[in-house]
Amino acid sequence: MPVRVWDDTVPAVDQGDTAAAWLGKFLETKCRLVHMSAKRPIGKKYQVSGEEIVSFADSMPFLLTGQASLDDLNARMDEPVDMSRFRPNIVVSGGQPFEEDTWKKIRIGNIEFCATKQCSRCEIITIDQKTAVKDIEPLETLGAYRYQTRGIMFGVNLVQINMGKISVGDSVEIID
């Protein structure tokens, strides 16, 4: 069955009525569970080798954020927010706030990543991932000091250069 992810329509395999019923009951809404059955390339503008793909995620396979960046944001707000608001794959500790914006190529474990762009944030970050309660924060505060031409930025998108493994606690080496 066709599934739409932003401007892309990709084929997916429906996982059946039993899975749909279970998931729909859990989410309290009518839905279907599907499995991606095709490769969805990232935007040509951000490709490094031409082979990078993304699944049902927004637009890129990896999002890296810095704990120092979240700490900086939380210091500016009345109520701190959790990193889960930003839904990163990788969170790095140490360094300066928003230092990750300047990285071009990094190594974590034995995988090299190329930073393709800063991540512009939408109103999804205003929804508490634990309670589903929506607020104006942290988008309002971020917008006061992280607004750029492409939007309000927090985190960087990455593509991996080689296969390998990363683990919690691995060091991050800035290559470029």
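The values are calculated or read from the model by the stated rules, or taken from the named source; none is laboratory data. Because the structure is predicted, anything quoted here is derived from the model rather than measured. Note: ideal-geometry Cβ built from the backbone for every residue, glycine included; neighbour counts use all protein chains shown. Ligands, DNA and RNA are stripped out before the accessible areas are found, and what is left, the full protein with its side chains, is counted by its heavy atoms. Shrake-Rupley method; radii C 1.70, N 1.55, O 1.52, S 1.80 Å.
Points to keep in mind about this one:
- Contour excess over end-to-end distance, with Cα ends at ARG87 and VAL5 and 0.36 nm allotted per residue: 27.8 nm
- Share of carbon and sulfur in the accessible heavy-atom surface of the chain [1.4 Å probe, %]: 53 percent
- Here is the list for the stretch 65-168: trypsin sites (Lys or Arg not before Pro) lying in DSSP coil, each with at most 15 other C-beta atoms within 10 angstrom of its C-beta, are ARG76, LYS104, LYS130, ARG150, LYS165.
- Value at 222 nm in deg cm²/dmol, rounded to 500, when DSSP H runs of n ≥ 4 in the chain each add -39,500 (n - 2.57): -4500 deg cm²/dmol
- Between the C-alpha center of the stretch 35-113 and that of the stretch 139-176 there is a gap of 4 Å.
- Distance histogram in 10 Å bins (all Cα pairs of the stretch 64-137, percent per bin): 17, 49, 27, 8
- Residue list for the stretch 59-82, given a label point 7 angstrom along the Cα-to-Cβ vector of LYS130 and an amide N cut-off under 11 Å: 81-82
- Farthest toward the positive end of the dipole of the stretch 76-176, out of ILE152, ILE90, MET163, is the Cα of MET163, where the dipole comes from beta carbon charges about the Cα centre.
- The charge dipole of the chain, taken about its Cα centre with unit charges on the Cβ of Lys, Arg, Asp and Glu (plus for the first two, minus for the last two), comes to roughly 620 debye.
- Exposed GluC sites (Glu not before Pro) absent: longest stretch of the chain, with sites in DSSP loops and at most 14 other Cβ within 10 Å deemed exposed: 52-176
- Projecting the Cα atoms of GLY143, VAL81, GLY50 onto the charge dipole of the chain (Cβ charges, centred on the Cα centre) puts GLY50 farthest toward the positive pole.
- Accessible surface, the stretch 81-176, averaged per residue in Å² (probe 1.4 Å): 56 Å²
- The modelled label-to-label distance between SER171 and ILE53, using points 7 Å beyond Cα along the C-beta direction, is 3.4 nm.
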